[in-house]
Amino acid sequence: MRLRYRRSLASRVILLTTFAVGVSVAIVAAAAYLTVRHQLRVSMDASLHQRAEYSAPFDPRRYSMSDIPTFMVRATDTKFGYIQSDGTGAVIGGSKKDVGLFGAPELAVARGTSGWSCRTVALGHQRYRVASIPTTTPGVALVLAESLASNDATLDKLGLVMLVFGLAGVVAAALAGWGVARNGLRPVRQLTHAAEEIARTEKLDPIEVKGNDEIARLASAFNAMLAALSASRDRQRQLVADAGHELRTPLTSLRTNLELLSQADRQGGLSEASRAELLDDVRFQIEELTQLIGDLTELAREQPAQVLLEQVDFAEVTERAVERVRRRASSLHFDLAVEPWFVTGEASALERAVTNLLDNAAKWSPPLGRVGVELRQGTLLVADQGHGIPEEDLPHVFDRFYRSPESRTMPGSGLGLSIVRQVAERHGGTVRAGRSPDGGAAFWLTLPGKAVAGGDDPNGAGEVEHLVDSRTEAAHSRVTDSSQGSLSGS
């Protein structure tokens, strides 16, 4: 098996074609040879039987060689004789060694225990077909023996012809296999050369597709793979460029503030208020940079870190997130209304997603504004009283690094809402954006789960398996938008 697969595909096609044709030729030749041999044997037996029946009314003991009618022998290679019930007999015109043609079958015919016999007997270096039939004389059987030399010669010639033509057929099959391998596998070789060229040059140009056969389908699938790979590479480059741009801003500000501090120290220092304000600015930039790096790390993982999947009370997670954001945005009022909803997943990731939605609402809410937080039947609504999301920005709010013109002057990494979508997809849920009844922005986060903890619930059946499957789907989904960002960051 190993030796067979060490050969090239073309050589295997040639060998298999040659082998298949060779076996077919051998079977046909054997069948033809056996058929011809059987037919010759049947014809000879019929001839012997017919002549024996014509000769049966005569007493063969009365004839000499010159007296034998020609219809009995018909040819010079036919021997004529008789055998008696006592075992004695003779071949007319023959020698004593010709008595070897007689045997038990012929004796049985002479004794009347058998009505007819026909068999092949070897006499010296020659073979005979011996037929016997009882005569009208009691106790005497007529024996006719015809040489098989002509039949054997015919069969030898037939075997030689079949051998020659069989070898010629095998050679022709090998040539045909070579032609098939050369011409039929040309698209495979072209596809192989194209793949090798792509691996060498890293140029993801599609290859030409000809026809509509299996090779064409393979080439089309290969082109689709190239297109996906090219898009993935472009998105990766865009992600690196966007990440570099986003990281450059806080680093530049941080460097500037540190240089100001250094210069101020050399020139006598700053006032306590100015120094505290500058240090607060540095701390804010460090926090922003830390958050950006954490967001990039979270989004860059194809698979999330090893976590414990457990049944999470989404209502409790929402309450914790609201309490955390309320401390950071004390001027806002959060209208919280939640119902129990239990989700199988990661509590920390879910809390981060809810926190990002609340931070986004807090950032865009006016002073002393209200933020509505409502959880009903597995759907969390977060609505603010800001100016809302423009229609042209709605398709992009969950894209990575996307920031509307209004949000570019505000703090944020542009990754918060993208993380919300990633968490939703990992848990088999969805998230969408729109307008709230007050005209502000509204986000709906829907997660599969059940209203009661534990027990059997049709809505919660198979949640762990669904979550595992959704991780794979989310990993592929994250690749499709790695060059974009969210409307605003947490």
>> Cβ contacts < 7 Å: first residue within 15 Å of PHE80 (Cβ to Cβ) and in contact (Cβ under 8 Å) with a residue 12 or more places away in the chain, restricted to region 44-59; second residue part of a helix (DSSP H, G or I) and open to solvent by 60 Å² or more (accessible area, probe 1.4 Å), any location; separation 6+ or different chain. Result?
In response: ARG51/PHE71; TYR54/PHE71
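Which is touching a Phe, Trp or Tyr at 6+ places or on another chain (Cβ under 8 Å) and over 30 Å from VAL25 (Cα atoms), of ALA195, ALA228, ALA224, ALA199?
Details: ALA228 fails: touching a Phe, Trp or Tyr at 6+ places or on another chain (Cβ under 8 Å); ALA224 fails: touching a Phe, Trp or Tyr at 6+ places or on another chain (Cβ under 8 Å); ALA199 fails: touching a Phe, Trp or Tyr at 6+ places or on another chain (Cβ under 8 Å).
Matching residue, one of ALA195, ALA228, ALA224, ALA199: ALA195.
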> Residues in region 437-453 that are open to solvent by less than 10 Å² (accessible area, probe 1.4 Å) and not in a strand (DSSP E or B): how many?
Replying inline: 3
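Residue-wise test of (1) closer than 19 Å to ASP399 by Cα; (2) open to solvent by 70 Å² or more (accessible area, probe 1.4 Å).
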{"site": "GLU202", "(1), (2)": "no, yes"}
{"site": "ILE207", "(1), (2)": "no, no"}
{"site": "ALA216", "(1), (2)": "no, no"}
{"site": "ALA219", "(1), (2)": "no, no"}
{"site": "ASN223", "(1), (2)": "no, no"}
{"site": "LEU229", "(1), (2)": "no, yes"}
{"site": "SER232", "(1), (2)": "yes, no"}
{"site": "VAL240", "(1), (2)": "yes, yes"}
>> Restricting to region 197-234, and then to whatever is assigned to a loop (DSSP other than H, G, I, E, B) and among the β-branched types (Val, Ile, Thr), can you tell me which residue is nearest to LEU185 (Cα to Cα)?
In response: VAL209
>> Take the conditions in a helix (DSSP H, G or I), modelled with pLDDT under 85 and among the hydrophobic types (A, V, I, L, M, F, W, C) and apply them to ALA173. Does it pass?
In response: yes
> Of the residues in region 330-352, how many are touching a strand residue (DSSP E or B) at 6+ places or on another chain (Cβ under 9 Å) and among the polar types (S, T, N, Q)?
Replying inline: 1
> Among the listed residues THR137, THR154, which satisfies the condition of being more than 60 Å from the chain's Cα centre (by Cα) and either touching a residue at least 60 places away in the same chain (Cβ under 8 Å) or open to solvent by less than 60 Å² (accessible area, probe 1.4 Å) (or both)?
Replying inline: THR137
> Taking region 100-134, which residues are crowded, with 17+ Cβ neighbours inside 10 Å and within 16 Å of SER47 (Cβ to Cβ)?
Replying inline: SER117, CYS118, TYR128, ARG129, VAL130, ALA131, SER132, ILE133
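Only one of THR113, THR76, THR88 is out of contact with any strand residue (DSSP E or B) (no Cβ under 8 Å at 6 or more places or on another chain) and at pLDDT below 70; which? Walk me through it before giving the result.
Working: THR113 fails: at pLDDT below 70; THR88 fails: at pLDDT below 70.
The conditions single out THR76.
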> Condition test on PHE284, is it under 30 Å from LEU350 (Cα atoms), aromatic (Phe, Trp, Tyr) and at pLDDT below 80?
Replying inline: yes
> Checking MET162 against (1) touching a strand residue (DSSP E or B) at 6+ places or on another chain (Cβ under 8 Å); (2) touching a residue at least 24 places away in the same chain (Cβ under 8 Å); (3) open to solvent by 30 Å² or more (accessible area, probe 1.4 Å), which single condition isn't satisfied?
Replying inline: (1)
>> Considering only residues that are among the aliphatic types (A, V, I, L, M) and closer than 19 Å to LEU9 by Cα, which ones fall in region 172-187?
In response: ALA173, ALA174, LEU175, ALA176, VAL180, ALA181, LEU185
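The values are calculated or read from the model by the stated rules, or taken from the named source; none is laboratory data. This one's a predicted model, so the numbers in the text were calculated from it and none came from an experiment. Counting neighbours? That spans all protein chains shown, and the Cβs are built from the backbone with ideal geometry, glycine included. SASA here: full protein model, heavy atoms, side chains in, ligands and nucleic acids out. Shrake-Rupley method; radii C 1.70, N 1.55, O 1.52, S 1.80 Å.
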